[in-house]
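Right, one structure below, let's go through it.
The values are calculated or read from the model by the stated rules, or taken from the named source; none is laboratory data. Fair warning: this is a prediction, and the values are worked out from it, not measured in the lab. Here the Cβ positions follow ideal geometry from the backbone for every residue, glycine too, while neighbour counts run over all protein chains shown. Accessible surface areas use protein heavy atoms only, side chains included; no ligands, DNA or RNA. Shrake-Rupley method; radii C 1.70, N 1.55, O 1.52, S 1.80 Å.
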Amino acid sequence: MRNLDSDALASFVAVAETGSFTAAAERLGRTQAAVSMAIGKWEERLDLRLFDRGHRRVTLTPIGERLLGYARRIRAIEDEALATLLEGRNESRVRLGMPDDYLTLFGTALMQRFVPQYPKVSLDLQYDFSHRLEYMVENRELDIAIITQNAVEPKGEIIRLEKQVWCAAADRYPERENCIQLALFPEGCRARPQVLSALDRADRRWRIVYSSSDIAGIQLAVHSGDLLTVLPESAVPANWRKLGPEDGMPELPTLRLAMVLPQQPRLPVRQLATFLRAEFQRSLVEPDGDINAAMLMA
């Protein structure tokens, strides 16, 4: 075998990133049988087993993990070549959605590195809760979304692990009150149940006194009063107090930030997805310092 088939590479990457032949087929706009057959024939030609086919998930073998990096780079080079050949002939607007408390984390990378690298691509940024963003991608209202992954029904490809942080305004100590006064995102926020469950397990009394669907409202409420909130670590203002067990606050689970793509994404969408992987998956490390390769395919 003297070359790597492009269609087989696309199928391989899709299965690796979704952990499922069915989900990969949906992304590629092909049948599950066609994707499974393509991978099977490719493994036969390579005389290598690239996937372990479990009952519930498909995971990469060690040799498959080695191939995945090369496969993504080859796909990126193909997209770069197509972008050069088809310049001016493709729709360059990409509708990107995310919860607005992730803007600090992703916005800087997008404006400082993606936009200069792809000057022909225009970004249309929209904010909403993760469950709505998933729906918008499925219905082609968005081209790509960054979401907080639902642990019960995980969707998308994990690109970032983000610590949740209890925080309060400078020189304010709301954690010392017998009943903690909270400012949180409203129902529909996937982190909110985790926050309240953590307080219940720690036997801390709490009361939600302020809700806002945007981070500016949360920050204003916390800055103006003796309120406590929880934010992704990257979204905590620099002068705020970060609280932890030493302050009597319970540990919080790590957020899994995932990228959701539609079936058969257009070239500019694939370029953005490739950029986000390269920018953020290199720092995809568990809190104990170990990378979990299976998480890439959650």
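Here are a few things to note about the model shown:
- Every residue from segment 18-42 that is farther than 19 Å from Leu267 by Cα and open to solvent by 40 Å² or more (accessible area, probe 1.4 Å): Thr22, Thr31, Gln32, Ala33, Ser36, Met37, Lys41
- Contacts under 7 angstrom Cβ, first residue in segment 1-21 being touching a residue at least 40 places away in the same chain (Cβ under 8 Å) and over 11 Å from Arg57 (Cα atoms), partner assigned to a helix (DSSP H, G or I) and open to solvent by 70 Å² or more (accessible area, probe 1.4 Å), 6 or more apart: Met1/Arg45
- Screening Trp166 with (1) more than 19 Å from the chain's Cα centre (by Cα); (2) at positive phi gives one miss only, at (2).
The rows are residues; the columns are (1) within 16 Å of the chain's Cα centre (by Cα); (2) of a type outside the set (A, V, I, L, M); (3) within 30 Å of Ser92 (Cβ to Cβ).
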| position | (1), (2), (3) |
| --- | --- |
| Arg204 | no, yes, no |
| Ser212 | no, yes, no |
| Ile215 | no, no, yes |
| Leu228 | no, no, no |
| Phe275 | yes, yes, yes |
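- Verdict on Arg160 being basic (Lys, Arg) and in a strand (DSSP E or B): yes
- Here Asp101 meets the list (1) within 22 Å of Arg270 (Cβ to Cβ); (2) part of a helix (DSSP H, G or I); (3) of a type outside the set (Ser, Thr, Tyr) almost entirely, failing just condition (1).
- Qualifying residue in segment 113-128 (condition: part of a helix (DSSP H, G or I) and within 21 Å of Gln219 (Cβ to Cβ)): no
- Scanning segment 43-73 for residues that are open to solvent by less than 60 Å² (accessible area, probe 1.4 Å), closer than 25 Å to Gln271 by Cβ and assigned to a helix (DSSP H, G or I) yields Gly64, Leu67, Leu68, Gly69, Ala71, Arg72.
- Test: Val15 is at negative phi, in a strand (DSSP E or B) and open to solvent by less than 30 Å² (accessible area, probe 1.4 Å): no
- Residue ID - least open to solvent (accessible area, probe 1.4 Å), chosen from residues in segment 172-199 that are out of contact with any strand residue (DSSP E or B) (no Cβ under 8 Å at 6 or more places or on another chain) and among the charged types (D, E, K, R): Glu177
- Any hit, segment 137-156, residues being acidic (Asp, Glu), in contact with a Gly (Cβ under 9 Å, 6 or more places away or on another chain), surrounded by 14 or more Cβ atoms within 10 Å (Cβ to Cβ) and touching a residue at least 60 places away in the same chain (Cβ under 8 Å): yes
- A single entry from Ala76, Ala38 fulfils the requirement of being free of Cβ contacts under 8 Å to residues at least 60 places away in the same chain, small (Gly, Ala, Ser) and in a helix (DSSP H, G or I): Ala38.
- Among the residues of segment 94-113, some residue qualifies, meaning at least one is surrounded by 12 or more Cβ atoms within 10 Å (Cβ to Cβ), more than 16 Å from the chain's Cα centre (by Cα) and over 21 Å from Pro262 (Cα atoms).
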